[in-house]
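> Mind looking over this structure? Questions follow.
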Amino acid sequence: MTRYFLSRLARAFVTVVLIVSAAFIVLRLSGDPAITILGPEAPPEAYAAFRAAWGLDQPLWNQYLRYFGAVAQGDLGTSMRDGRAALDVVLERVPDTLRITLPALLLNLAIGIPAGIWAALHRNTLIDRAIMTVSVMGFTVPSFVMGLVLALVFAVRLRWLPSGGSDTALHAVLPILTMGLIGAAVIARFTRSAMLETLGQPYIRTASAKGLLWHQVVIRHALPNAAIPTLTIIGFMVGSLVAGAVVVESIFSWPGVGRLLVTAVANRDLAVVQVILLLIGFTMVAANLLVDMAYGWVDPRLRSGHAAKPA
């Protein structure tokens, strides 16, 4: 057990190091923040002073070592726009992002899991086809299209909900629905596949042959085993909540981390962008690490290496 968890922790650490490195390199190659912040009309001396003040005049490898050393010490840099700590700039937006991502996750689970189970139990029927048709539509439609359609219907035509902002609880409904419906479609498809695979196993037929009622077979034997592969996609979706909020927050003018990322990229505010990318990376790593640990507890074969982790 200990070796299993330590190996997962080591893998998570390597992933975080790669995220830190990728964030640094991509941002340094994406453009000169001096021109974006000072404007194209600034004199060359101003550009040189700005780059020297922020260490941008140093070789790339030197900047990387300094950046990585600062991150290791907990210093995530300062915003080039307002001079505040980049971490503070990002953290003040986190509560607004959680106001829509956590309810969206609950909506994912509340709709997706029952729909997937119901479709699997009624395989090749009208119910199954209807659920899967809706799931495929929700899975393939981009989030910005889903958001625009919901805004057109509920904000423009019906005038039931506001189309943007964050002043009241009603302003959060459309962002939550956008992320929740798309996520529910994904979970429904994976849950159905996991249930169908489980229902075809020999131990399900054995349980039925012993005289157990069908609902007892499903609850006692099918659902617990189908939950193992479904846990994978749920863990991935938990880890990608912040990343998924980027488009939705921009569509509905929601003042969260996703909208801040778009603004910081446009302004070449390197430290703020790096903190947000690290937040997204850490969230995904932590979620997948928890999933790995959950697999270790649920299926002891994974700890001994006798079974592959479900896809």
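> What full-extension length gain, to one decimal in nm, is calculated for residue 215 and residue 148 as 0.36 nm per residue of separation minus the Cα-Cα distance?
My answer for the length gained is 20.0 nm.
> Before anything else, pin down the relative contact order of the chain: Cα pairs under 8 Å, at least 6 apart, normalised by residue count, whole percent.
27 percent.
> Looking at the square roots a ≥ b ≥ c of the eigenvalues of the Cα gyration tensor of the chain, which shape do they give, rounded for a/c under 1.5, prolate if a/b is larger than b/c, or oblate? Mind showing how you got there, number by number?
Working: a/c = 3.31, a/b = 1.60, b/c = 2.07.
Oblate.
> How much of the accessible area of segment 78-120, in percent, comes from carbon and sulfur atoms when a 1.4 Å probe is used?
For segment 78-120, the apolar C and S fraction of the accessible surface comes to 69 percent.
> Using label points projected 7 Å from each Cα along Cα→Cβ, tell me how many nm separate residue 48 and residue 25, to one decimal.
3.1 nm
> For residue 110 and residue 134, FRET efficiency with R0 = 22 Å and r from the beta-carbon atoms, rounded to 0.05?
FRET efficiency, residue 134 to residue 110: 0.90.
> Still on this structure: Compute the distance in nm between two label points, each set 7 Å from the Cα along the Cα-to-Cβ direction, one at residue 41 and one at residue 141.
The answer from the label model is 4.6 nm.
> Roughly how many percent of the accessible protein surface of segment 165-261 is carbon and sulfur, given a 1.4 Å probe and a whole-percent answer?
65 percent
> Then there's this: Could you tell me how many degrees, from 0 to 90 and to the nearest 10, lie between the Cα long axis of helix 2-29 and the main elongation axis, the longest principal axis, of the Cα atoms of the chain?
The answer is roughly 40 degrees.
> Cβ under 12 Å from residue 249's Cβ, residue 249 left aside: what net charge do those residues give with Lys, Arg +1 and Asp, Glu -1?
With Lys, Arg at +1 and Asp, Glu at -1, the neighbours total +2.
> Using +1 at the Cβ of each Lys and Arg and -1 at the Cβ of each Asp and Glu in the chain, identify which of 131, 33, 65 lies farthest towards the dipole's positive end.
Farthest towards the positive pole: 131.
> Defining a contact as two alpha carbons under 8 Å apart and six or more residues distant in sequence, what relative contact order in percent does segment 137-193 show?
RCO, segment 137-193: 41 percent.
> OK, next. Please check the chain for the longest run free of trypsin sites (Lys or Arg not before Pro) that are loop-located per DSSP (anything but H, G, I, E, B) and have at most 15 other Cβ atoms within 10 Å.
So the longest stretch without any such site is 211-311.
> Quote the FRET efficiency, to the nearest 0.05, computed for residue 11 versus residue 169 with a Förster distance R0 of 45 Å and r equal to the Cβ-Cβ distance.
Computed FRET efficiency for residue 11 and residue 169: 0.65.
> In debye to the nearest 20, how big a dipole does segment 133-263 give about its Cα centre with +1 on each Lys and Arg Cβ and -1 on each Asp and Glu Cβ? Intermediate results must be reported in sequence, preceding the final value.
On the way: 8 positive and 3 negative charges, 82 e Å.
The calculated dipole for segment 133-263 is roughly 400 debye.
> Explain nothing, just the number: relative contact order of segment 1-158, from Cα pairs under 8 Å at least 6 residues apart, as a whole percent.
9 percent
> What residues qualify as long-range amide H neighbours of residue 78, i.e. H under 5 Å apart, gap of 5 or more or another chain, H built at 1.01 Å from N?
Under 5 Å from the amide H of residue 78: 86.
> Could you compute the net charge surrounding residue 122? Neighbours are other residues with a C-beta less than 14 Å from the C-beta of residue 122; K and R count +1, D and E count -1.
+2
> Taking only Cα atoms and a 10 Å spring cutoff, compute GNM fluctuations for the chain and point out the largest among 232, 168, 133.
Highest fluctuation of the listed residues: 168.
> Another one. In nm, to one decimal, how far is the modelled label at residue 161 from the one at residue 94, with both set 7 Å along Cα→Cβ?
2.7 nm
> Using a/c under 1.5 as the rounded threshold, could you call segment 1-76 rounded, prolate or oblate? The axes a ≥ b ≥ c are square roots of the C-alpha gyration tensor eigenvalues, and prolate needs a/b larger than b/c, oblate otherwise.
Details: a/c = 4.17, a/b = 3.12, b/c = 1.34.
Judged from the Cα gyration tensor, segment 1-76 comes out prolate (a/c at least 1.5, a/b above b/c).
> With every protein chain left in place, what is the accessible area per residue of the chain in square angstrom, probe 1.4 Å?
Roughly 53 Å² per residue, with all protein chains present.
> At 1.4 Å probe size, with the rest of the protein present, what percent of the exposed accessible area of segment 9-54 is carbon and sulfur atoms? Working shown, then result.
Details: 2000 of 2710 Å².
Roughly 74 percent, rounded to a whole number.
The values are calculated or read from the model by the stated rules, or taken from the named source; none is laboratory data. Here the structure is a predicted model, which is why all the values come from computation and not from measurement. A quick note on method: Cβ atoms are made from the backbone with ideal geometry, for glycine too, and the neighbour counts reach across all protein chains shown. Please note that ligands, DNA and RNA were not included when accessible areas were found on the heavy atoms of the full protein model with its side chains. Shrake-Rupley method; radii C 1.70, N 1.55, O 1.52, S 1.80 Å.
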